[in-house]
Amino acid sequence: MTQFTRQQLNDLRNELQSAVDAANLPNITIDVGNCRYSGGEAKFQVKCTLEGAKTREMIDLEYYADLYNIDINKTAKLQGEDMKLSGYKSRARKKPFVLQRLRDGAEFVCTSHVAEQFFKKAEEIRDQPINVAKAQ
């Protein structure tokens, strides 16, 4: 056998992830991601994140929130669940915003229209009087 099968690579990915989890490195989260393979060669993506560090999606969310006039700290109720914005995928054209369900941490994606509709910043109202000239 000179070529990998998908099942072999899935099993290998699971073994790699369990070996990394068993290493028990403090303050570091390691995820074994997607795999590219050709014949008898395979490459796995490995993502390491320091605890408390901002991910690329979080940094992008902070940037694009100003452009879309969105409050990233706001919680909204979508389909009966409390949701919060957790990221922005700059390469996703149709559904770039990432929502996180507060109950269990599950993530979903949504369009910019939905994000603007539910997470729009509250408009500020000025308390200054309006000067009206009297008609003579």
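Could you rank the peptides 17-24, 28-35 by their average count of other C-beta atoms within 10 Å per residue, with the highest value first?
Top to bottom by mean Cβ count within 10 Å: 28-35, 17-24.
Does a label point 7 Å from the Cα of K47, set along Cα-to-beta-carbon, have any residues of the stretch 1-17 with amide nitrogen under 20 Å, and which are they?
Output list for this probe position: 10-17.
All other residues with a Cβ under 9 Å from the Cβ of A65 taken together, and with Lys, Arg as +1 and Asp, Glu as -1, what is their net charge?
-2
Under the rule of -39500 (n - 2.57) per DSSP H run of 4 or more residues, summed and divided by the residues of the chain, what mean residue ellipticity at 222 nm is obtained, to the nearest 500 deg cm²/dmol?
Using -39500 (n - 2.57) per qualifying helix, the result is -9000 deg cm²/dmol.
If you roll a 1.4 Å probe over the heavy atoms of the protein chains, what accessible area per residue do you get for the chain, in Å²?
Value for the chain: 82 Å² per residue.
Label A133 and L9 with points 7 Å out from Cα along Cα→Cβ: what is the distance between them in nm?
The modelled label-to-label distance comes out at 7.4 nm.
Calculated FRET efficiency, M58 and S18, Cβ-Cβ r, R0 41 Å, to nearest 0.05?
For M58 and S18, the calculated efficiency is 0.90.
Could you work out how far apart the two model spin labels at E81 and N27 are, taking each label as a point 7 Å from the Cα in the direction of the beta carbon, and quote it in nm?
3.3
Can you tell me, using C-alpha contacts under 8 Å and at least 6 residues apart, the relative contact order of the chain as a whole percent?
With pairs under 8 Å counted, the relative contact order is 15 percent.
Leaving out ligands, DNA and RNA, what percent of the accessible area of the chain is carbon and sulfur, probe 1.4 Å?
47
Which residues' amide hydrogens lie under 5 Å from the amide hydrogen of K89, considering only partners 5 or more residues apart or on another chain, with H built in the peptide plane?
For K89, whose amide H was placed from the backbone, the distant partners under 5 Å are F97, V98.
The values are calculated or read from the model by the stated rules, or taken from the named source; none is laboratory data. It should be emphasised that the depicted structure is a prediction, and the values quoted were computed from it without experimental measurement. Here Cβ is always computed from backbone atoms with ideal geometry, including for glycine, and neighbour counts include all displayed protein chains. To get the accessible areas, we keep the full protein, side chains included, count just its heavy atoms, and leave off ligands, DNA and RNA. Shrake-Rupley method; radii C 1.70, N 1.55, O 1.52, S 1.80 Å.
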